[in-house]
Amino acid sequence: MSFAARNPSVLIFLSVLALFTLLVTVMSEAIGTGLVSTSFVKILGKTLCLALVAVAMDLVWGYTGILSLGHFAFFGLGGYMIGMWLMYERTHEIAAAALAEGPIPPTEAEITAAIGNQIFGVVGSSDFPPVWAFADSLTLQLALVVMAPGLLALIFGWLAFRSRVTGVYLSILTQAMTLALALYLFQNDSGLRGNNGLSGLQNLPGVDAPQSHVSLWFFWASALALGVGYVFAAWLVGGKFGSVMRGIRDNEARVRFLGYSVESYKLVVFTLTAMIAGIAGALYYPQAGIINPAEIAPIASIYLAVWVAIGGRGRLYGAVIGAVFVSLVSSWFTGGQAPDVPLGFYTVKWVDWWLVVLGLSFVLVTLFAPRGIGGLFDLVTERQPPERHGANLGPDAGSLREKEASQ
Amino acid sequence: MVRIFLAALVVAALSFAAPARAQDAPMQAVLQAHAELIVKSSRKAIGPAIDAVADSGLAQTQDVLQTWQAKRMWQRKADGVFFRGEEIDAKTSRLYDFDTGADVGIFANSDLKQVKPNSGVRAMLGAALVRFQLRDPDPSRRAEALAAIERAPSRQALAPLRAAIGDETDPALKARKVRAERLLTIAFDDDDAIRVAAIRDMGGDLGVDLRATLNPLVATDLRVFAGGDLPGGLNIARHVAPGDETLPRDTAYDMLVAASLAPARITAEEIRASLARHIDGGYVAGVPVAQLNADAARLRAYDGLVAQGLVPARVNDADIDGALASHRFAEVFAEPSPAVTGAARAALGQIETRVSANQILDLTLDALSLASIYFLAAIGLAITFGVMGVINMAHGEFIMMGAYTGFVVQQMIPNHTVSILVAIPLAFAVTFAAGVVMERLVIRWLYNRPLETLLATFGISIALQQLAKNIFGTQARPLTAPAWLDGAWVLNDIVSISYIRIAIAVLALIFLGVFLIVIKRTRLGLEIRAVTQNRRMAASMGINPDRVNVLTFGLGSGIAGVAGVAIGLFAKVTSELGGDYIVQSFMTVVVGGVGNIWGTLAGATMIGFLQKGIEWFNPSNTLAAQTYMIAFIILFIQFRPRGIVALRGRAAGD
């Protein structure tokens, strides 16, 4: 059977994504009717990137059972890597142009010094820290987008998995890693401009096109990345590798006794998804225009888990739906567009109350709808989980029978 | 005497109102002798006048100086005689004679001239007054004068201070006087031997004032001398060779330039400017401008300009070496006496050793205090997470609820001591109730799904945080400690710890005791342990596991609430208060070893010491300390995955 035939949802997903991309393109300001504003194109493009990192999160949590609270750190790291090149090249252009005004043409050293002054003046320095060594090379920084999160995930995962840290302990440890990374980046001498972060990323060096075009290009790139990432994830979980992943999620010890090297599988999944998260971040932050360490605080990674859980973990389209739905609804409520609800004695302002609603709805989803929004599709397709004579505990503990589950 | 007599004659000649009474009025005579200076009241010239009054040796000296300083000295225009004046109203004043103190009568202000010393003169008068104040019968005045000397030591204060030690009756003041005298001796005495002896006397004293006295003595100044020999009479600290780590060659040469002993180097910036000035039809000294984007071409062009005599020649390395070789560099003490500087250095070295020993002690106290804070924040978690295995991400929000409870109570009960005593049980009650509600509504459905518990309680956490923001606003709310907790326990100038921190440490120990008693000595504790080890077996023994779980969770939450009150006392109460502690609290429990209160204690101690230790290496950067600490903990988990105190066998649960 062909890949497409075995995964009908992939075809549906890809056509929906293609249709959506086409629709936005036709309605965009750049080459369409202008019904969709440039800033909204950016929001949609960013949402697609969030959907991609949600797919990665679903692979590592929904399919392998590792609740990582660190994937948004990998996402941010990818953003930092591309941000370094964008900021360097952009400043290079500006600095070279400014120096060329003078009577004497500038030397390379003078240009570099001017760039350093421009970028690091805000943290009281003018020298390039060693982490910026490759910032002038797009190829190397693009490689780092994948390598930096991948390497961090590899080292961290190797340390954590080989000492058999599992379950909530692993979650707490990943959260600590995220916190450590965020705190490190908050320092001025980390070399990445401390809490100022990197800014001006929306300007592509060497490109004169207006933002309306640039945002559309990034939107297309995000859609493409999401499409490719989704197909790759579907291919991964559809094969034998995917079966082992699910096996690890449902009963790790049993898979180990069957002779699989559980640690290696976990490490591969963890590293791979970190790389995907890095790519998603590299596409997200040029559209956001700015990245700072607050973006990768532990709370962001927990929100990522929230999206996947609300969308329905253990199914790829669930992750996408969750990320798109929650992030768009969130930005609608917190953006001040939602109308206030007057109760007579008190007016509910959504800017203030949205987080309360989100938090509580999250509790409700966990308690009453462990399959999330994606579970609604089961009603349509009439796909039923196997009858296990017990409460439906969702993909993680769902393989346990009633007796085990109530222990 | 001659001057006084002459002055008296002058006064007598000028005056009709006070005819020839100067002989009976010695103070008036002194004042009259310097009348011109006193009236002019210029800071630069007034010195002799003040000295004359202060050195007159008369009983009324202090009174005169104080009157003068307080701008209450008046001069009668008619005869120039000075009086102490008391303004009766805006128009008239009552005058008193300085010498006899007698009431002279009431005069119109228009007939008088007020002596108004400016602030500089008043300060000089204050300095002159010190010697009198040091012997003032009122101890508080003596203490004031002493504090002024301690604040601004001066050579002039030394002699009066020495004279004032003997008849000091208050032992505390006497000790302070002796100490101040020793320090002034070190700084200002004329005899080097006495100074050295004074330095030896002080020994390894840890006072900041001693170090402040000694440090100027060993202060050096890097100076450059032309030629091979140094001039004599200088107290040389050491000779410096240009090029070693304390004095790089460039810095040394810059010193020569600054002292006009060598020509200035031509900087890259100046070369660039010179080139720009001499562009001639697209060329600079024959080099095309377009080629000037490299350093080599720029130097070539510049040297071309030098050859044309348009710009000064560059200073090359050989010039620099030559200039440096013909000069000597040395660090010179500002203090001329080698014996004094030597003794001061030795004393400072001794102090340094004792200071580091005391710093370690101080650091240990800091670390213990931090450990007790972490322990306090984590002890509730040690129950819910350690004993029950429930990941409660809202634990931090329970801490926050406790802190806000304290704040609300303080709004209603203004007495801080009473309000804290009320707040602690109330915070326990509030968070106990919140914990029970949460357990009943959410957690009991998720006992076998830890990851879902984590996410559900996280949902509660963000909801509670936002709720607190909506109710109390985003600004920090104060939770004020009772006044008797203000201040610090000071051992010496280096080792000190605030009473609040001691109170928190005591509270943490009390909690440890309460926890141990509840778990080991009560029926509830027995049931908790039974349910934790084997829920079904416990149930068949007649224990109601649901009830035990509710009570355990409530207990853990309640303790978090009390911890919140304690933490709120030294941290600002905001809605993010709990979030600041949650990761560290989990770390504490995980590092210590889950399911064991001693483990939590060990974990808190380790994390506290670790963080303070890292901060000691890099004191300016607490962010870095936290980063490295977390990295260390991740590594630590590698070697002891089950924490410091690991449970084995059945009790471990799996």
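Table for the structure above
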read-out: Charge sum, other residues only, whose C-beta stays under 13 Å from A:PRO298's C-beta, Lys/Arg counted +1 and Asp/Glu -1; value: -3
read-out: Relative contact order [Cα under 8 Å, 6+ residues apart], chain B, whole percent; value: 12
read-out: Inter-site label distance for A:GLU101 and B:ALA268 at 7 Å from Cα along Cβ, in nm; value: 2.1
read-out: Low-density loop positions, trypsin sites (Lys or Arg not before Pro), the stretch B:63-125 - DSSP coil, at most 10 other Cβ in 10 Å; value: B:LYS91
read-out: Of A:VAL363, A:ALA280, A:TRP332, farthest towards positive along the dipole that unit charges on Lys, Arg, Asp, Glu beta carbons give chain A; value: A:VAL363
read-out: Dipole magnitude of the stretch B:220-338 about its Cα centre (Cβ charges: Lys, Arg +1; Asp, Glu -1), debye to nearest 20; value: 360
read-out: Using θ = phi - 60° and Karplus 6.51 cos²θ - 1.76 cosθ + 1.60, couplings along the stretch A:29-45 (whole Hz; Gly, Pro as x); value: 6, 5, 10, x, 7, x, 5, 9, 5, 4, 5, 6, 4, 5, 4, 5, x
read-out: Within chain A, longest stretch free of exposed GluC sites (Glu not before Pro) [DSSP loop, at most 16 other beta carbons within 10 Å]; value: A:102-381
read-out: Exceeding the 27 Å Cα-Cα cut-off - candidates B:LYS40/B:LYS177; A:LYS42/B:LYS469; B:LYS116/B:LYS174; A:LYS266/B:LYS612; B:LYS40/B:LYS91; B:LYS71/B:LYS174; value: B:LYS40/B:LYS177; A:LYS42/B:LYS469; B:LYS116/B:LYS174; A:LYS266/B:LYS612; B:LYS71/B:LYS174
read-out: Ranking of B:PHE375, B:PHE636 by count of other Cβ atoms within 10 Å, fewest first; value: B:PHE636, B:PHE375
read-out: Over the stretch B:357-652, relative contact order from alpha-carbon pairs under 8 Å, at least 6 apart, %; value: 35
read-out: Separation between Cα centres of the stretch B:468-483 and the stretch A:174-194, rounded to whole Å; value: 28
read-out: Other-chain or far-sequence residues with amide H under 5 Å of B:ALA237's (modelled H); value: B:GLU331, B:VAL332, B:PHE333
read-out: Whole-angstrom gap from the stretch B:294-335 to the stretch A:359-379, using each part's C-alpha centre; value: 77
read-out: Residue of A:SER331, A:SER171, A:SER212 that the Gaussian network model of chain A assigns the largest fluctuation, springs spanning Cα pairs under 10 Å; value: A:SER331
read-out: Longest DSSP-loop-exposure-free segment, chymotrypsin sites (Phe, Trp or Tyr not before Pro), chain A, at most 10 other Cβ within 10 Å; value: A:1-344
read-out: Per residue convex hull volume, Cα atoms of the protein assembly as shown, in Å³; value: 309
read-out: Built amide H within the under 5 Å cut-off of B:SER498, gap 5+; value: B:TRP489
read-out: Cα-centred dipole magnitude for the protein assembly as shown, charges only on beta-carbon of K, R (+1) and D, E (-1), debye, nearest 20; value: 3440
read-out: Ranked A:SER327, A:SER215, criterion: other C-beta atoms within 10 Å, fewest first; value: A:SER327, A:SER215
read-out: Under DSSP loop assignment and at most 11 Cβ neighbours within 10 Å, longest trypsin sites (Lys or Arg not before Pro)-free interval of chain A; value: A:1-382
read-out: Length-normalised contact order for chain A - Cα pairs under 8 Å, 6+ apart - percent; value: 28
read-out: Approximate spin-label separation A:VAL357-B:ALA646, in nm, with each point projected 7 Å along Cα-to-Cβ; value: 4.9
read-out: Of B:ALA530, A:ASN188, A:GLN175, farthest towards positive along the dipole that unit charges on Lys, Arg, Asp, Glu beta carbons give the protein assembly as shown; value: B:ALA530
read-out: For the stretch B:401-436 versus the stretch B:353-377, the gap between their alpha-carbon centres in whole angstrom; value: 29
read-out: Vicinal HN-Hα couplings computed from phi for the stretch B:513-519 (Karplus, 6.51 cos²θ - 1.76 cosθ + 1.60; Hz; Gly/Pro x); value: x, 4, 4, 4, 5, 4, 6
read-out: Mean ellipticity per residue at 222 nm, deg cm²/dmol - from DSSP H runs of n ≥ 4 across chain A, formula -39500 (n - 2.57); value: -22000 deg cm²/dmol
read-out: Coil-residue trypsin sites (Lys or Arg not before Pro) of the stretch B:395-472, DSSP, other Cβ within 10 Å capped at 12; value: none
read-out: Overall form of chain B per C-alpha gyration tensor (a/c, 1.5; a/b vs b/c); value: oblate
read-out: Signed unit charges on C-beta, dipole axis of chain B, positive-most listed residue B:ILE320, B:GLY402, B:SER557; value: B:SER557
read-out: Dipole magnitude of chain A, debye to nearest 20 (Cβ charges: Lys/Arg +1, Asp/Glu -1, about Cα centre); value: 1580
read-out: Those GluC sites (Glu not before Pro) in the stretch B:221-283 that DSSP places in a loop and that have at most 16 other beta carbons within 10 Å; value: B:GLU245
read-out: Fewest-first sequence of B:LYS177, B:LYS40 by Cβ atoms within 10 Å of each Cβ; value: B:LYS40, B:LYS177
read-out: Label-to-label distance, nm, for residues given as B:GLU36 and A:THR334 (7 Å Cα→Cβ offset); value: 8.1
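The numbers here are math on the coordinates, done by the rules we state, and not lab data. All figures in this text were calculated on a predicted structure; none of them were measured in a lab. For neighbour counting, all protein chains shown are included, and Cβ atoms are generated from backbone atoms with ideal geometry for every residue, glycine included.
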